[in-house]
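I have a structure here, written as structure tokens, and I will follow up with some questions on it.
The values are calculated or read from the model by the stated rules, or taken from the named source; none is laboratory data. This one's a predicted model, so the numbers in the text were calculated from it and none came from an experiment. In this analysis, Cβ positions are derived from the backbone assuming ideal geometry, glycine residues included, and neighbour counts consider all displayed protein chains. All accessible areas refer to the heavy atoms of the entire protein, side chains included, with ligands and DNA or RNA removed. Shrake-Rupley method; radii C 1.70, N 1.55, O 1.52, S 1.80 Å.
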Amino acid sequence: MKKLVLLAIVAVVLGYTAKAQDAEEFRENWQKTITVSASQTTTIEKLFTAWGKQFPGQYVDAFNKFKKTGKANKIEVYENFFRDFKVDLAPRNGYIEISTADTMIAQVDANFRKGDTIVRKHILNAAYWNLPSGNKLFGISIEDDGEIFAECALAFYEYDVNKGTLSPSPQMVKKVMAIVNDDPETFIILPKEGRDLKYLDFNPHGDITYKTIKWKGKGF
């Protein structure tokens, strides 16, 4: 079952209303080949930095500030609207997580009482996997729990260590999304530990469980 959908417009604390979410835009435009410096030494930071030059935004700004100052507070998301981000950079694991949360106040909605506080999450995962060819599979997963409903995006690229390119892998995305019934509200969680993907499954009884998408050596 999909996440509960807010049925009416809600307002952010202090009266701010969010604009279109990054995940939705990225989902429509991610299939571009990206140039990376060719190197036998691959780091998650190198792949993410190359990706970020093609897709700048709040997550990339937060990561860049974290690299300079050790923390990612006061990142401008929209004009005069700022968020504090947390960055988990795990180079040995080949993993990055960039996240923040803010609150909204429900106005009129079937699932919330007027005045209820709603926590909105904004999360990006980045990770890579080793392929038998010597190349890498690089993944990006984004969840923007927005003002009306959640928007998520998933992208995979194959990094050619000799050519120095990140080439889109839409078939890999298609395989993963087929498992979650092509639900654009499902956040695919990339691994900090291990190689498998996870996602939250919402069943008709309202129970929530983590489910696993197994890594098969060459893909999912």
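Which residue is most open to solvent (accessible area, probe 1.4 Å), if the candidates are limited to region 189-202 and must be touching a residue at least 60 places away in the same chain (Cβ under 8 Å) and under 27 Å from Asn29 (Cα atoms)?
Just the residues of region 189-202 that are touching a residue at least 60 places away in the same chain (Cβ under 8 Å), to begin with: 189-193, 195, 202.
With under 27 Å from Asn29 (Cα atoms) added as a condition, the list becomes 189-192, 195.
Values: Ile189: 48, Leu190: 5, Pro191: 13, Lys192: 78, Arg195: 151 Å².
This residue is Arg195.
Same structure again: Taking region 81-99 as the region of interest, how many residues are under 17 Å from the mean Cα position of the chain (by Cα) and either open to solvent by 20 Å² or more (accessible area, probe 1.4 Å) or in contact (Cβ under 8 Å) with a residue 40 or more places away in the chain (or both)? Even if it seems obvious, please write down each step before you answer.
Narrowing region 81-99 to residues under 17 Å from the mean Cα position of the chain (by Cα): 83-90, 94-99.
If we keep only those that are either open to solvent by 20 Å² or more (accessible area, probe 1.4 Å) or in contact (Cβ under 8 Å) with a residue 40 or more places away in the chain (or both) too, we end up with 84, 86-90, 94-97, 99.
Matching residues across region 81-99 total 11.
For region 203-212, indicate whether the set of residues that are crowded, with 18+ Cβ neighbours inside 10 Å and assigned to a loop (DSSP other than H, G, I, E, B) is non-empty.
No - not one qualifying residue is present in region 203-212.
Table: residues versus (1) in contact with a Gly (Cβ under 8 Å, 6 or more places away or on another chain); (2) farther than 25 Å from Gly52 by Cβ.
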{"position": "Phe149", "(1), (2)": "no, yes"}
{"position": "Asp160", "(1), (2)": "no, no"}
{"position": "Lys163", "(1), (2)": "no, no"}
{"position": "Lys175", "(1), (2)": "yes, yes"}
{"position": "Ile179", "(1), (2)": "no, yes"}
{"position": "Thr186", "(1), (2)": "no, no"}
{"position": "Asp201", "(1), (2)": "no, yes"}
{"position": "Asp207", "(1), (2)": "no, yes"}
{"position": "Tyr210", "(1), (2)": "no, yes"}
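Still on this structure: Mind checking which pairs have a first residue in region 68-80 that is within 19 Å of Asp144 (Cβ to Cβ) and a second that is open to solvent by 100 Å² or more (accessible area, probe 1.4 Å) and among the small types (Gly, Ala, Ser), Cβ under 6 Å, 6 or more apart or different chains?
none
Among (1) in contact (Cβ under 8 Å) with a residue 40 or more places away in the chain; (2) open to solvent by 60 Å² or more (accessible area, probe 1.4 Å); (3) within 19 Å of the chain's Cα centre (by Cα), where does Thr35 come up short?
Result: Thr35 passes all but (3).
Considering only residues that are within 16 Å of Asp22 (Cα to Cα) and either hydroxyl-bearing (Ser, Thr, Tyr) or in a strand (DSSP E or B) (or both), which ones fall in region 33-63?
Tyr59
Can you tell me which residue among Glu151, Glu158, Glu185 is touching a strand residue (DSSP E or B) at 6+ places or on another chain (Cβ under 7 Å), touching a residue at least 40 places away in the same chain (Cβ under 8 Å) and part of a strand (DSSP E or B)?
Only one candidate passes the filter, namely Glu151.
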